[in-house]
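J.: Can you keep this structure in mind? I'll have questions shortly.
The values are calculated or read from the model by the stated rules, or taken from the named source; none is laboratory data. No experiment lies behind these values; they were computed from the predicted model shown. Neighbour counts run over all protein chains shown; Cβ positions are idealised from the backbone, glycine included. Side chains included, ligands, DNA and RNA excluded: accessible areas come from the protein's heavy atoms. Shrake-Rupley method; radii C 1.70, N 1.55, O 1.52, S 1.80 Å.
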Amino acid sequence: MTFSADRLTSRTLLECSAAEQAAAMNRSFEQYIVPLRFDVASFQRRFRGEHLDAEASRLWYCDGELVGVVYIARRGWTSRVAAMGLVVEARGQGLGRPMLQAAVEEARQRGDRRIMLEVFTANEPAIRLYQRLGFGITRTLSGFGAPATSAAAPTAVLAAADPAEVARQIGRHGDDVLPWMLTAETLAATTAPYVQAWRLGEQAYALVRPEADKTVLLSLVVPPAHRRQGWGTRLVRALEARYAGKPLLMPCLLPPGAGQALLQRCGWVPTALALYEMERAL
């Protein structure tokens with residue numbers, strides 16, 4: 001099917017049901033680098049912490065047929081492209097540029113100061129599109145996986161914690177400029193049983209999301225008073241033991257710095273996928 005940019009129309013999420021939003025997301029990310037599949041509940045869990053803006057986010061159509069989505073999250077003076085995708089049959093027809101350009105213009109009209117996004121480093125067509133629209137790469141975000149060997153007995157015992165309290169610790173003691181998905185604002189929306197929080201006394205904290213085929217380490221933090229005393233390593237080893245039997249992964253959201261250094265010291269290895277964080281001033 002041939003689509004045309006001059007026939008594009010859109011609806012905001014305010015005009016769409018939750019089921020339509022999730023279904024449009026699924027269709028727009030078919031055959032994507034990382035498979036994505038949401039039902040209504042998992043869609044809501046994914047985006048509530050990201051501060052998805054239903055008024056700024058749009059489903060796009062051509063002659064009544066869905067062609068893609070541009071979902072926008074907002075905090076303060078910053079907009080973020082939380083998800084942008086095209087349905088398979090609409091790709092390669094020049095539709096992404098006007099869809100994203102509309103989001104940029106709307107952000108400027110709202111008075112936002114910048115707009116940002118993340119893109120897989122291997123997604124060269126998308127990177128070229130973003131660069132043509134004025135986005136520049138600010139840093140590379142990496143993922144890590146635990147070694148495949150059996151975990152040794154932990155040297156410290158994990159205690160269950162409130163995910164909201166761990167998010168507060170990350171807000172107090174995490175890096176000054178964390179990626180959107182790792183900020184305390186995002187992580188404060190995580191809840192049991194989908195996310196589990198752990199602590200080693202008041203020395204180290206972690207958030208973990210168990211999945212059917214793997215366990216995802218969302219974040220960890222050691223307050224400054226307890227750093228360089230081995231608490232980060234103890235926490236990682238305790239998590240490896242607690243979740244032995246399934247791959248333990250840190251998603252490709254970790255910026256260069258202490259977190260990467262810790263995981264590498266623990267023998268974790270970079271994953272094949274990485275993200276560029278990109279932004280443009282408004």
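J.: Quick one: which residue in Gln229, Gln264, Gln260, Gln203 is farther than 24 Å from Ile137 by Cβ and touching a Pro at 6+ places or on another chain (Cβ under 9 Å)?
T.: Numbers: Gln229 fails: touching a Pro at 6+ places or on another chain (Cβ under 9 Å); Gln264 fails: farther than 24 Å from Ile137 by Cβ; Gln260 fails: farther than 24 Å from Ile137 by Cβ.
Checking each option against the conditions leaves just Gln203.
J.: Take region 1-30 and flag every residue that is over 17 Å from Ala102 (Cα atoms) and either assigned to a loop (DSSP other than H, G, I, E, B) or in contact with a Cys (Cβ under 6 Å, 6 or more places away or on another chain) (or both).
T.: Residues satisfying the conditions are Met1, Thr2, Phe3, Cys16, Ser17, Phe29, Glu30.
J.: Read through the list (1) loosely packed, with under 13 Cβ neighbours inside 10 Å; (2) touching a His at 6+ places or on another chain (Cβ under 7 Å), then give the number of the only condition that Val34 fails.
T.: (2)
J.: Moving on. Let me confirm something: among Met250, Met278, which residue is assigned to a strand (DSSP E or B), farther than 23 Å from Arg45 by Cα and touching a Phe, Trp or Tyr at 6+ places or on another chain (Cβ under 6 Å)?
T.: Working: Met250 fails: farther than 23 Å from Arg45 by Cα.
The match here is Met278.
J.: Mind listing just one residue for me: the one in region 163-189 that is in contact (Cβ under 8 Å) with a residue 24 or more places away in the chain and under 13 Å from the mean Cα position of the chain (by Cα) and, of those, surrounded by the fewest Cβ atoms within 10 Å (Cβ to Cβ)?
T.: Per the criteria, the residue is Glu185.
J.: Could you go through region 201-209 and let me know if any residue there is assigned by the TED database to the domain that holds Val157, modelled with pLDDT of 95 or more, in contact with a strand residue (DSSP E or B) (Cβ under 7 Å, 6 or more places away or on another chain) and open to solvent by 60 Å² or more (accessible area, probe 1.4 Å).
T.: Among the residues of region 201-209, at least one is assigned by the TED database to the domain that holds Val157, modelled with pLDDT of 95 or more, in contact with a strand residue (DSSP E or B) (Cβ under 7 Å, 6 or more places away or on another chain) and open to solvent by 60 Å² or more (accessible area, probe 1.4 Å), which makes the answer yes.
J.: Select, from Ala5, Ala18, Ala22, the only residue that is surrounded by fewer than 16 Cβ atoms within 10 Å (Cβ to Cβ), of a type in the set (A, V, I, L, M) and modelled with pLDDT of 95 or more. Lay out the reasoning, then the answer.
T.: Working: Ala5 fails: modelled with pLDDT of 95 or more; Ala22 fails: surrounded by fewer than 16 Cβ atoms within 10 Å (Cβ to Cβ).
The unique qualifying residue is Ala18.
J.: Out of (1) over 17 Å from the mean Cα position of the chain (by Cα); (2) part of a loop (DSSP other than H, G, I, E, B), what's the single condition that is false for Ala241?
T.: (2)
J.: Is it the case that Ala212 is in the same structural domain as Met250 (by the TED database), in a strand (DSSP E or B) and farther than 26 Å from Val119 by Cβ?
T.: Numbers: in the same structural domain as Met250 (by the TED database): yes; in a strand (DSSP E or B): no; farther than 26 Å from Val119 by Cβ: yes.
No.
J.: Here's something else I'd like to know. Say we look at region 167-200 and pick out the residues that are of a type in the set (Gly, Ala, Ser) and within 18 Å of Ala258 (Cβ to Cβ); which of these is modelled with the lowest pLDDT? Step through it out loud before you land on a result.
T.: Of the residues in region 167-200, the ones of a type in the set (Gly, Ala, Ser) are 167, 171, 174, 184, 188-189, 192, 197.
If we keep only those that are within 18 Å of Ala258 (Cβ to Cβ) too, we end up with 171, 174, 184.
Details: Gly171: 96, Gly174: 93, Ala184: 96.
Among those residues, the one meeting the criterion is Gly174.
J.: Under the condition of being surrounded by fewer than 15 Cβ atoms within 10 Å (Cβ to Cβ) and touching a strand residue (DSSP E or B) at 6+ places or on another chain (Cβ under 9 Å), which residue from region 140-162 is modelled with the lowest pLDDT?
T.: Initially, region 140-162 is screened for residues surrounded by fewer than 15 Cβ atoms within 10 Å (Cβ to Cβ), giving 140, 147-150, 152-153, 155, 157, 159-160, 162.
Filter once more, keeping what is touching a strand residue (DSSP E or B) at 6+ places or on another chain (Cβ under 9 Å): 140, 147, 157, 159-160, 162.
Numbers: Thr140: 98, Pro147: 84, Val157: 89, Ala159: 97, Ala160: 97, Asp162: 97.
Across region 140-162, the extreme among qualifying residues is Pro147.
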